[in-house]
Amino acid sequence: MNDVVITGIGIVSPFGIGKEPFVSALGMGARVKPGCLPELRETPLAEAPAGLVPNLENGCQNLDRKLLKCMSTAAIIGCLAGKEAAEEASILNRFAPERIGIYAATGLTAARMDSASKMLNACLDSEKKFSAKLFGQAGLKLMNPLESFKILPNMPPCILSIVLGIKGPSMILNPWEGQSACAMWEGLEAVRTREVDCALIGAADTPSSPSTMVYLKQMGFIADDEFPSAAGAYLTLELRDKAAKDNQHSYGVLHEIEIKNGSQQAHDPLAKELGRTYAAAPVLLLAANCLGVTQGHALVCTRGISFNFKFARNV
Amino acid sequence: MRRRVVITGIGCVSPLGVGVEPFWQSLARGESGIARISHFDSSGFEVQLAGEVKEKVAYPQEFARFVTEDGKLAFALNAAMQAMQDANLKEFATASLLHLGTSLEQFDLQKIMHGSNTLYAYAPLRNEGENLYEANFASLVRHFLAKEARPLQMPLDTACELVEKLYGKAGMKLTNVGACAASTQAIGHAYHCIRRGMFDMALCGGFDSMLNPLGVGGFQLLGALSTNNEHTARACRPFDAARSGAVLGEGAAMLVMETLAAAQKAGKRIYGEIVGYGTSLDAYKLSAPDPGGIGAIASMQKSLQDAQLQPGDIHAVSTHGTGTHLNDEVEAAAIRSVLGESWRHTPVVSTKSLIGHLIGAAGAVEFIASLQGFAQGQLHANGSLENIGKGCELDHIVRSPRAFSGKNILKNSFGFGGQNATLIISKVENQDL
């Protein structure tokens, strides 16, 4: 059987944009210093820690301005991570766009409070109750049509496909760690079965957005000693023979992804350092193994799905 | 030798009723499920029509608190129960796959504004012109963090979780968010998994509803919807010269898939066999298809290759057919390109003409309409097509159903964001067994 190797990695995390800050921080045993969200001041979550990506606006300079108007924070993070992985593995020079697939996951939809507030304010009737009629008459006029693209959960990977020009198969799942684990599994199978020549597998999630933080706290999906972090990661998979033929560096062989549907308590081995990154967590864990900054390879997802992989790192 | 994958159970909730039989009977009679919106006061909207599920949809009452939050969960549960019962299955085996497609979490503006259906106490505004919502944001957050509050969001994988509560743990559960292609992808992926031997059985399909103020309003702003509010039954007109946009609908459809060998052994009714699946990305624009139809063509060609069939082997096409100008023209040209000259005598079904666009559920619901072509020996008509639009030339079925004895039907679904998916289903005849 022809082995599947990992040839490109892209990471955006609270340590910074790119895999370099991720590697150096984790290599030194550093932990993310979470901040507090200004949107949540004067609320019970005023001091709740949240991991944010620093200087994300700098990364946006490399993205198409028109597309940027349609992009949520998760889409920006995913695009930056996906581009880094694709460029490292030179996949656009080595594979036909139709032979590259995207297998990805996205997180809970994060509605932006600031953009919603004006619109919602216009929908209150004289008794201060929400009126659908007023929403149609006045609220919609205050809504940016492009906001729809920011809340549809398939958009981040679709935008990545447009940015990179990828035209092969796709599968986009939602919303927790288990779904990105399944997307990774599907990408591995797609390369193995020759459905594609290259799979871009990954996820981006923004659980530290204000509305998502409220929800995670409300439902107990985050423990008191944990904090959510925005992050994204993408990896490129291809057959070892092809990588060798092209003299393409590989990080190692991804032998197996194992997923078991169970009901265990969630556990993310990188949560102490990075915060809970939910959909991005399984991809970050595999990436951290590739980069030699962690040995952990087992994760229990929010819905109890357990994720494990067998990876042999090139040394 | 690859395993053959057949459909042994189907379930459907649509604007034409609950259950497959009423759905088909209405389609065959050319009845439209599109009417004025009744779910909320749409009088302030430019778009005031939709394909709503009008019947009460039964579901296990233990899940009432979830359905209260997100009504489309009732559609998913009901369709899943129909399909499992139809296939005479009471639980998932270990080697079962659960794969459901949908589009977007429901954002209940009433709840976002007030925390619940009851108006909570707003803090008085401190300054003239102050934003009421922002001024009360802190108390809204406090409300949601209170133990008794309704959840702020309802994750899209809730349907999978509830279906598992009914039938036990599946080997793998997936929630596909491939927009309008989501449920077609779910079916196609499940087919590939069973064919490759990864799973022995799958419950797959889709469920959706965007018939709420934010859903309808968002699509209205994008200019994608018809505003022909006075002629609801003829508002969604796929491939017609007078088409003016899509009409949103809601519903769900689920299928049980098994290997042919398992279905035969259990003596089950076989609705059809899935023989091909293809998927592609446009990589063009977020809300418009590649004008050359490259992605659509690739998706159809991949499904043909997967099925090891030639274009001339396709005996009918179930289109994506949204009723928007660009989409229909691009799809028609892509179908002609893929089928070659055989397009002239390949009948074309466009189910959205009668039920609207069910977004994440669209592919699965339309798939069931196509499956009925085998069982009923006829294909339903495009209920609103009068004059074929320029560039939309195909062998459209108009006015009344057409007798059908073909073997292979190709089903297209093309999603927002540029995700395309195509399935090929085949009639299983005795000589095939």
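A compact table of results
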read-out	value
Residues satisfying the stated conditions in the stretch B:384-433, i.e. under 25 Å from B:R237 (Cβ atoms), among the acidic types (D, E) and without any contact (Cβ under 8 Å) to a residue 24 or more places away in the chain	none
Per-region count, the stretch B:158-180, residues more than 9 Å from chain A (Cβ to nearest Cβ) and either within 15 Å of the chain's Cα centre (by Cα) or open to solvent by less than 10 Å² (accessible area, probe 1.4 Å) (or both)	5
One residue from B:T422, B:T346 being under 27 Å from A:P156 (Cβ atoms) and of a type in the set (V, I, T)	B:T422
Any chance B:S183 is touching a helix residue (DSSP H, G or I) at 6+ places or on another chain (Cβ under 6 Å) and farther than 30 Å from B:G44 by Cα	yes
Residue that is farthest from B:A179 (Cα to Cα), among those in the stretch B:101-138 that are assigned to a helix (DSSP H, G or I) and at pLDDT 80 or above	B:A138
Members of the stretch B:207-236 that are facing another protein chain (nearest Cβ under 10 Å) and among the aliphatic types (A, V, I, L, M)	B:L214, B:V216, B:L221, B:L222, B:A224
Among the residues listed as A:K118, A:K129, A:K133, the single one being more than 24 Å from A:C70 (Cα to Cα) and touching a Leu at 6+ places or on another chain (Cβ under 8 Å)	A:K129
Enumeration of residues in the stretch A:1-31 that are part of a loop (DSSP other than H, G, I, E, B) and buried (at least 24 other Cβ atoms within 10 Å of the Cβ)	A:P14, A:F15
Options A:G168, A:G187; residue that is at pLDDT 95 or above and touching an Asp or Glu at 6+ places or on another chain (Cβ under 7 Å)	A:G168
Extreme residue, nearest to A:A230 (Cα to Cα), among residues of the stretch A:32-52 that are within 14 Å of chain B (Cβ to nearest Cβ) and open to solvent by 30 Å² or more (accessible area, probe 1.4 Å)	A:C36
A:A75 vs. criteria open to solvent by less than 10 Å² (accessible area, probe 1.4 Å), more than 19 Å from A:A280 (Cα to Cα) and either in contact with a Lys or Arg (Cβ under 7 Å, 6 or more places away or on another chain) or modelled with pLDDT of 95 or more (or both)	no
Count of the stretch A:68-82 residues which are within 14 Å of chain B (Cβ to nearest Cβ) and touching a residue at least 40 places away in the same chain (Cβ under 8 Å)	9
Selection from the stretch B:407-416 of residues that are in a loop (DSSP other than H, G, I, E, B) and either hydrophobic (A, V, I, L, M, F, W, C) or out of contact with any Gly (no Cβ under 8 Å at 6 or more places or on another chain) (or both)	B:K407, B:F416
Residues of the stretch A:53-63 that turn out to be touching a helix residue (DSSP H, G or I) at 6+ places or on another chain (Cβ under 7 Å) and either outside any helix (DSSP H, G or I) or loosely packed, with under 14 Cβ neighbours inside 10 Å (or both), as a count	2
Search result, residues across the stretch A:119-149 that are farther than 13 Å from B:L109 by Cα, within 7 Å of chain B (Cβ to nearest Cβ), part of a helix (DSSP H, G or I) and open to solvent by 30 Å² or more (accessible area, probe 1.4 Å)	A:Q137
Within the stretch B:182-198, tally of residues that are open to solvent by less than 10 Å² (accessible area, probe 1.4 Å), aliphatic (A, V, I, L, M) and either more than 9 Å from chain A (Cβ to nearest Cβ) or more than 15 Å from the chain's Cα centre (by Cα) (or both)	4
Condition check for A:A110: more than 7 Å from chain B (Cβ to nearest Cβ), in a loop (DSSP other than H, G, I, E, B) and either touching a Pro at 6+ places or on another chain (Cβ under 6 Å) or touching a residue at least 40 places away in the same chain (Cβ under 8 Å) (or both)	yes
Whichever residue in the stretch A:150-183 is of a type in the set (V, I, T) and part of a helix (DSSP H, G or I) and, among such residues, is farthest from the other protein chains (Cβ to nearest Cβ)	A:V163
Flag if A:A271 is hydrophobic (A, V, I, L, M, F, W, C) and more than 14 Å from chain B (Cβ to nearest Cβ)	yes
Residues satisfying the stated conditions in the stretch A:277-304, i.e. open to solvent by 10 Å² or more (accessible area, probe 1.4 Å) and not small (G, A, S)	A:N289, A:L291, A:V293, A:T294, A:Q295, A:H297, A:V300, A:T302, A:R303
Candidates B:E230, B:E273 - the one that is of a type outside the set (A, V, I, L, M, F, W, C), at pLDDT 95 or above and over 29 Å from B:S426 (Cβ atoms)	B:E230
Index of the failed condition, B:M201 passing every other in (1) within 22 Å of the chain's Cα centre (by Cα); (2) within 12 Å of another protein chain (Cβ to nearest Cβ); (3) among the aliphatic types (A, V, I, L, M)	(2)
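The values are calculated or read from the model by the stated rules, or taken from the named source; none is laboratory data. Keep in mind that what you see is a predicted model, and the values were worked out from it rather than measured. No Cβ is skipped: glycine too gets one built from the backbone with ideal geometry, and neighbour counts run over all protein chains shown. These area figures cover heavy atoms from the full protein model, side chains too; ligands, DNA and RNA do not enter into them. Shrake-Rupley method; radii C 1.70, N 1.55, O 1.52, S 1.80 Å.
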